[in-house]
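Below is one structure, written out as C-alpha cells; comments come after it.
Values quoted throughout were computed directly from the atomic coordinates according to the rules given, and no laboratory measurement underlies them. The structure presented is a predicted model; accordingly, all values stated were derived computationally and were not measured. Neighbour counts run over all protein chains shown; Cβ positions are idealised from the backbone, glycine included.
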Amino acid sequence: MSNSGLEFPAPVGGSHVAAVHDPFHGDLLEVSMGPHHPSTHGVFRMMVTLDGETIVKLKPVFGYLHRNHEKLGENTSYLASMPYTDRLDYLNSMTNNWAYALAVEKLAGQPVPERAEYLRVILAELTRLLNHVCLAGFLLQDTGASGTPLMYAFREREKILDLFESLSGSRMMCNYQRFGGCRVDASPEWLAGAKHITDNFGRFLDEYEELITGNEILMARTQGVGALSPELAISAGITGPMLRATGVDYDLRKVDAYGVYSRFNFRVPLGDHGDTYDRYMIRVLEMRESITILQQALRDLPAGPIMDPKAKIRGFRPKAGEAYGRIEGPKGEIGFYLISDGSPNPYRYRVRPPSFVNLTVLEDMCLGQTIADAVIILGSVDIVLGEVDR
Amino acid sequence: MSEPATDAPGLSDAERDELRRHGILLTKIEELVNLGRSKSVWPLQFGLACCAIEMIAASMARFDIARFGSEVFRPSPRQADLLIVSGTVTKKMAPQVVRLWNQMPEPKYCIAMGACAISGGPFKQGYNVLKGIDRFIPVDVYIPGCPPRPEALLHGLIQLQEQIRTAKSSGPKTTRHLRPGDCNYPVPEFGDRDLEPPANPAVWQPPQIVRSEKA
Amino acid sequence: MLGSGLLQGLKVTAKNIAGSFHDPERLVTVEYPEQKTKLPENYRNFPFLVSENATDPMGTLRCVACQICEKECPPQCIYIEKSKDKKPDAAGKMQVYPAVFDIDTSVCMSCQICVEVCPFEAIKMDQVFEIATTDRFNALLLDRNQLAKPNSYYHQIHPTEAAEVDGRLLAERKAAEEKAKAAAAAAAAKAAAAAAAPKPVATPTATAGAPGAVAATVSVAKPATPPAAAPVSATPPAAAPAASPAQNAPASDGKAAP
Amino acid sequence: METLEQIRDRLLARFPGAEVTLVTNPGAAAQHSLSLGLAHAAAMALFLRDDAELKLDYCSNVTGVDWPEKEIIESTKVSVPDPAGGPAKIVEQKTKRIQPGSLEVVYHLYSMAKKHGPVIIRLRTANRTDRANVPSLTPVWRSCEFQEREVFDLFGVKFDGHPDLRRILMWDEFTAHPMRKDYVEPDDYEWEPTPHGTVLDKAKAHYPPSALVAAAPAAPAHGAPTHAAPAPKEAPKP
C-alpha cells in the first residue's frame, strides 16, 4: 500500500469500541441476540454491546444456515443446481431461478423466446409483490403488532402461492425457469387468474395502508430510526429497496434492462431520508409499480414457444469461460458468477446474495439507537437467512 | 388404542365405547391428562429455514393451527412443549438446537419437519449440514416433503396428538419422560473439522441396509 | 389529529371481523382434516413409477432401468439396480427392468427433474402429502413395490398431462410399428429376392408379429412402448407370443411379492 | 465506458511499474477482466473508484476461485532418426509440467453514478499455502468487508489490511477451507440408502459390501431395509 504514495482512507463506518470495559463508555453490557431469537428472521445472531440501552457496537454472526450451496453447485450439473437456487431466498424462488438462468444463458450464449421473457417478468413481479407484502407483515410483527398485519400479508401471499402452485407444481420451491425458457406454459385460465389477482391487489394495498401506514405507533417507531446515508450505501454495495430509500436511483430493471423490462412503463420510487419508514414506504410504492408492470405484461404477452428449440435439458455443457449475471431481485441485486471449464459441472459457482451484502451496514444503522430499534432496523433490511449464509 | 385397557379390569375398550354412547363417560385420570395435553401442544417459535415459512403459513388464517390448540408459539423454550425442527440443521446450529431441547420442560415432543430436518435432505452432502436432527435428539414424528405443505404439518401434528393421547404412564409403553435415565442430552462441541461427537449413539443407531428384491 | 391513524386501522380490523362472517373474500380458513384444498393438477410431491396394468404392477412397469434419473437427481435420492435378465414389458418387447428401485423420500426435494429427464415417461410426480410417520428408517425409503402405481392413477391425478403423454406414446408406438412393418417387409422382400429357393417361413412370422403386438395394445387400452426403442425390426417375431399382458401377468408376478 | 484495453493503458501510465494484464474470456459472455499485480492493487482500486471517467463506486461481488496445482502433460512430436539408417520415426514425447496452484479473488465493479460496468479485476496469490495473501480492498469499497471474510473463511485467502479478518460462516475452531477443491469433508455416511459415485465409496466404509452392491436373497417380502438388528455403530466400520 505504501509504495503507491497514496493516503488511504480509514474504512467507512463501523464502530470503534474495542472492549467491553471501554474507558470512555464505562461499563458496557454485551448481549448475544440469536441465533434462536423470535425477531431475527431465522437463525441470525448479533453480538450487541450496550451502554445502558444504547447500542455502541454490533457485530453480526453468520453461518447458522450455511448449507454449502456453492460447494454443492460445483459438484452437480448446471441443471441440478436450479432447484437448489429455489432454496436460497426461499420466499422468492422465481427470481432466484431467473438470475441463475440468466447467468447460465450468458455463459452459453443461449437465447430466450419472447413469451418466456414475458412469463419471467410476470412471475418476477408477482414474486416482488409476495416478498414485499411479507416484509411489510414481518416488519410490523417486529414492531410488536404481533400477528394482525402478518395475517393480512399472508392472506394475500396465499393467493399468489396458489398461482405459483398451479403453474409450477409447488408453492414455494417452483423450479420453474430453464436455460433458454420456462418449464411449463401458462394456460389462458392461469393468466386470467393472474390478472384477477393483479387487479385486486391494489385494493388490498389500499386496505393495508389504511390499516398501517398512517399508524402513529409505526411512525414513532420507524421515522428517523436507522437512517443510512447515500454515500455509505453506495460504498457498502447496498442494493434494492434499501438503496433506493436513501435516494440513489439504481434499479437494475432500468440500468441493465435485462429481459424485456425496457418495454414496460414504470417508475422507480426513491426515498429521501433513508430511514426505516422510507424503506417500508419504498416497498409499498414498489408494489404499486409492480402492479402496473404486471398489467402491461399480461396485456402484451405474445403467443409462441416458451423454450428455445436448441436449448438442452440434459447433457448441458457450456464452453469454457465465465459469466456474471444479475437481476433486480425483491431484496436487491441477486447475481450468479459462473466459471465453466467445459465439463458438465460448473468449475466455480458463486451466488452474490443481496441480503448478505445489505447487512454490511447493519451496525452503522444501529449505532446510537436503542436495542429495541435494532430489531426493527434488522426487519427493514429484509433478510432471508437461506441467502445470507447460503 | 387397540390394546385392551389392562388396568381397568372388567371393562374392555368396546364396552367403554358402548357406555359412552349411552352418555356415561368412563375415563381415567391418565387419559384425561393425555387428552388435555394433546389439545394444547404449544410449539416453540423456532424457525430454521424454508420450512419455517410453511410453519408460519400453517399458523396463519388459511390453515389456522389454532384449531388444534397449537397457535401459541412460545419464544422461550421454557414455556414450550413441542420443538418443530423446521429446516436444515447445520453443524454450526446443532449445539444450539440440542441446548434448546434440553431447556424445554418435560413432557416435550419433537417434530422433524421437512427433508433437511429428517436426513439433511438435498443438502446432506454438504460439509456443514447435519444429516438429520435425530442424530442428537429423539424425534417423535417425521414429516417428509421439501417443504411439506402446511396441511402436511397439520397432519403430522394430528399424528403427534394421537400419540400423546394414547401414551401410557406405566408399563412397557411408557412415555419418554417417565422412563428412567438422564433427560439431558449431551450438547456436541465444535471440533476442528466436525462436531464432536458427530452423533449421539444413545438416540441414533442406523440399521443395516438390506436390499431384498432380487430378480 | 393524534390517534386518527390508530382509529383508521381499527376500522379496517372491524370491517374484517364483520366480513369474516359473510364475505367469502375474508373467509379464508380451510378446515384441513375435514375439508381439503383442491390440489391443482400440476401439484407435485414425490415421484412414483407408472405401470400399465394395475393387476400386475411389477410386470408392466414402464421403467427400463436406464438410470438416467438416478444420475440427474440433484440430491441423489434414487437408487436403481438393473436386472440381469430381460422380461417382456406391457407391449411385449423384451426389456431390462429395475431389480431394485428405491427412492429415499427423506431426501427427495420434489424438484421434478427425474420426470423431465425420463425418456420413457416412466416416472411421474405423485400428489400424496399426508405421509408423516414415526418410523424414520423403514417408512421413508420407498421401494419399487411401494412406488409402482397404475396409469389409471396417473390419469386421475394429472388428467391433462396424462392424456398428452398417452397420446405421445401412442404416436411413437405407431411410428415404431410402421417402421417395424416396413423393415419386416423389406427383409421379406430381400429374403424372397435373395433366396429363390422355397423357404417362405420368414414372411409369415414377421407379419404375425405385428398383429400380435397390436392386439396387446388393444387389450391394455393404453399404449406402452418406450419411445427410445424405435428400431424394433429385428425382434418382433420372438416377442410376439408372450406379449399379451393378460397372459403375462401371473408369470412375472413371482418377482413381485405383494 | 472505456474498453478494458484503455483502462489498462491508463492504469499502466498512472502507476509505472505495476502489472496489469488483460484476461480474455473465451466464453459467450465475453466478460473480460484485468489481472492486477498485488503490489499496486489497492492503489489501482482506489484510482478506479475515484477516476472521473470510470467512477466505479460500487463493488458488487467479491469471490474466490481455487486453482489447485495442476499437472499438465504436453505432447510434442519429435522425429528420431533411425540408427539403422531407415526413414526417421516420428515419436511423441510427453513432457510433464506442474502448473503451480494459486488462489484468485475476483471483484465485479460497477458504477452507480455513471450506470456502467462491469469491470472485473482479479488478484492472484503467489501460492495456496504460506503466501496466500492479497491486499484487502475493504478500505476502498466497504461492501468487500463481509465478502472478503467469506473468501478468507472458505478459501483461505488472507487479506492484508482487512479490519476484522475472522471466519464468518464456519465456527472459529474450524481449521480447513472447505471451498478449496482438495477439501475432504468429514465422514458421516452411516446411513446412505441411495448412494452413488463418490458417496457410494464413502458409504461402503460403513456397510458390508453385500448391502450396497449386490442384491441380497429375497428374504423379507416388503423389500424395505430391515430394522431388526441395529448393529453397534462401530461394527460395520473397517
| said: I need the phi-derived Karplus couplings for the stretch A:135-147: 6.51 cos²θ - 1.76 cosθ + 1.60, θ = phi - 60°, integer Hz, Gly and Pro marked x. | reply: 4, 4, x, 5, 4, 5, 4, 5, 6, x, 7, 6, x
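Ignoring everything except DSSP H segments at least 4 long, calculate the 222 nm mean residue ellipticity for chain A; use -39,500 (n - 2.57) per segment, divide by total residues, nearest 500. All intermediate terms of the calculation are to be shown ahead of the outcome.
Details: 15 runs with 177 residues, N = 390.
Here the helix-only value at 222 nm equals -14000 deg cm²/dmol.
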| request: Once you've got the GNM for chain A with C-alpha springs shorter than 10 Å, pick whichever of A:Arg263, A:Arg352, A:Arg326 has the biggest mean-square fluctuation. | output: A:Arg263
| request: Putting +1 on Lys and Arg Cβ atoms and -1 on Asp and Glu Cβ atoms, find which of A:Pro305, A:Gly226, A:Val260 reaches farthest to the positive end of the dipole of the stretch A:225-356. | output: A:Pro305
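Please state the charge dipole magnitude for chain A, taken about the Cα centre, from unit charges on C-beta atoms (+1 on K and R, -1 on D and E), reported in debye and rounded to the nearest 20.
Values: 39 positive and 48 negative charges, 363 e Å.
Roughly 1740 debye for chain A.
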| request: Starting from the Cα of B:Asn102, step 7 Å along the direction of its Cβ; do the same at D:Glu5; then give the gap between the two resulting points in nm. | output: 6.7 nm
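From the Cα gyration tensor of chain D, with a ≥ b ≥ c the square roots of its eigenvalues, which class applies: rounded if a/c is under 1.5, or else prolate if a/b is larger than b/c, or else oblate? Show your work: numbers first, answer last.
Numbers: a/c = 2.75, a/b = 1.40, b/c = 1.96.
In terms of gyration-tensor shape, oblate.
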| query | What's the center-to-center distance, using Cα atoms, between the stretch B:57-98 and the stretch A:181-254 in Å? | reply | 29 Å
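Report, in cubic angstrom per residue, the convex hull volume of the C-alpha atoms of the stretch B:1-153.
That works out to 138 Å³ per residue.
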| task | Compare the peptides B:100-111, B:115-126 by average per-residue count of other Cβ atoms within 10 angstrom and give them in order, highest first. | result | B:115-126, B:100-111
| message | Output wanted: per-residue J couplings in Hz (rounded whole) for the stretch A:322-332, from phi through Karplus 6.51 cos²θ - 1.76 cosθ + 1.60, θ = phi - 60°, x for Gly and Pro. | response | 9, 7, 10, x, 9, 9, 8, x, x, 9, x
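What ranking do B:Ser38, C:Ser106 get, fewest neighbouring Cβ atoms within 10 angstrom at the top? Don't skip to the end; give the middle numbers.
Values: B:Ser38 21, C:Ser106 30.
If I rank by nearby Cβ atoms, fewest first, I get B:Ser38, C:Ser106.
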| Residues whose placed amide H lies under 5 Å from that of A:Lys57, excluding near-sequence neighbours | A:Thr49
| message | Here is the link list: A:Lys254/B:Lys124; D:Lys77/D:Lys181; C:Lys84/C:Lys124; B:Lys28/B:Lys108. Which ones come out longer than 31 Å on Cα distance? | response | A:Lys254/B:Lys124; D:Lys77/D:Lys181
| field | Cβ-based net charge around D:Phe155, under 13 Å, with every Lys or Arg adding one and every Asp or Glu removing one | value | +2
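For the stretch C:56-135, report the translational diffusion coefficient in µm²/s to the nearest whole number, using Stokes-Einstein at 37 °C, 0.692 mPa s, and a Kirkwood Rh over Cα pairs.
Details: Rh = 13.7 Å.
Reported coefficient: 240 µm²/s.
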| query | If you take all C-alpha pairs in the stretch A:290-390, what percent of them are over 17 Å apart? | reply | 71 percent
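Quick check: convex hull over the Cα atoms of the stretch B:56-130, volume per residue in Å³, rounded to an integer? Walk me through the intermediate numbers first.
Working: hull volume 7.0 nm³, N = 75.
Taking the convex hull of the Cα positions in the stretch B:56-130, it is 93 Å³ per residue.
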| query | Just counting partner chain Cβ atoms within 10 Å, what average do the residues of peptide D:115-128 show around their Cβ? | reply | 1
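Please find the FRET efficiency linking C:Ala189 to C:Thr55, where r is the Cβ-Cβ separation and R0 is fixed at 41 Å, and quote it to the nearest 0.05.
Working: r = 41 Å, r/R0 = 1.00.
Calculated value: 0.50.
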| field | Placed amide H near C:Phe48: partners under 5 Å, 5+ positions off or other chain | value | C:Lys124, C:Met125, C:Asp126
| said: How many angstrom lie between the Cα centre of the stretch A:313-390 and the Cα centre of the stretch A:257-292? | reply: 20 Å
| request: Could you give log10 I(q)/I(0) at q = 0.06, 0.09, 0.11 Å⁻¹ for chain A, computed by the Debye formula over C-alpha point scatterers of equal weight, without solvent? | output: -0.24, -0.54, -0.80
| field | Expected 222 nm ellipticity per residue - DSSP helices of 4 or more, -39500 (n - 2.57), all of chain D, to 500 | value | -5500 deg cm²/dmol
| remark: Neighbour-count ranking for C:Lys181, A:Lys106 (other C-beta within 10 angstrom, fewest to most) reads C:Lys181, A:Lys106
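For A:Asp199, A:Asp308, which order do you get if you count the other beta carbons within 10 Å of each Cβ and list the fewest first? Could you put the intermediate results ahead of the total?
Working: A:Asp199 13, A:Asp308 17.
Placing the least packed residue first, the sequence is A:Asp199, A:Asp308.
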| field | Using distinct alpha-carbon pairs, which all enter the 1/r mean, Kirkwood radius of the stretch A:110-185 in Å | value | 13.6 Å
| note | Rounded to whole angstrom, the alpha-carbon centroid of the stretch D:103-149 lies from that of the stretch C:1-31 at a distance of 52 Å
| query | Dipole magnitude of the stretch D:66-108 about its Cα centre, charges +1 at Lys/Arg Cβ and -1 at Asp/Glu Cβ only, in debye to the nearest 20? | reply | 240 debye
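Please compute, for peptide A:342-353, the average count of beta-carbon atoms on other protein chains lying within 10 Å of each residue's beta-carbon.
3
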| Listed residues B:Thr90, B:Thr175, B:Thr27, most fluctuating in chain B (Gaussian network, C-alpha, under 10 Å) | B:Thr27
| said: With the alpha-carbon atoms as the only input, what is the per residue convex hull volume for the stretch B:92-215 in Å³? | reply: 166 Å³
| So what's the angle, to the nearest 10 degrees on a 0 to 90 scale, between helix A:93-108 and the longest Cα principal axis of chain A? | 60 degrees
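Where the convex hull is taken over the Cα atoms of the protein assembly as shown, what is its projected area averaged over directions, in nm²?
Details: hull surface 231.4 nm².
Across all orientations, the protein assembly as shown yields a mean hull projection of 57.9 nm².
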| query | For D:Leu34, which sequence-distant residues (separation of 5 or more, or a different chain) have an amide H within less than 5 Å of its own amide H, given hydrogens modelled in the peptide plane? | reply | D:Val23, D:Ile120, D:Ile121, D:Arg122
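Using r as the Cβ-Cβ distance of A:Thr292 and C:Gln35, and R0 as 41 Å, what FRET efficiency do you calculate, to the nearest 0.05?
Details: r = 37 Å, r/R0 = 0.90.
Efficiency, from the Cβ-Cβ distance: 0.65.
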| note | Under the Karplus relation with 6.51, -1.76 and 1.60 and θ = phi - 60°, whole-Hz ³J(HN,Hα) for the stretch B:100-106, x at Gly and Pro, equal 4, 4, 5, 7, 6, x, 6
| note | Most fluctuating of A:Asp142, A:Asp373, A:Asp27 in the GNM of chain A (C-alpha, under 10 Å) is A:Asp27
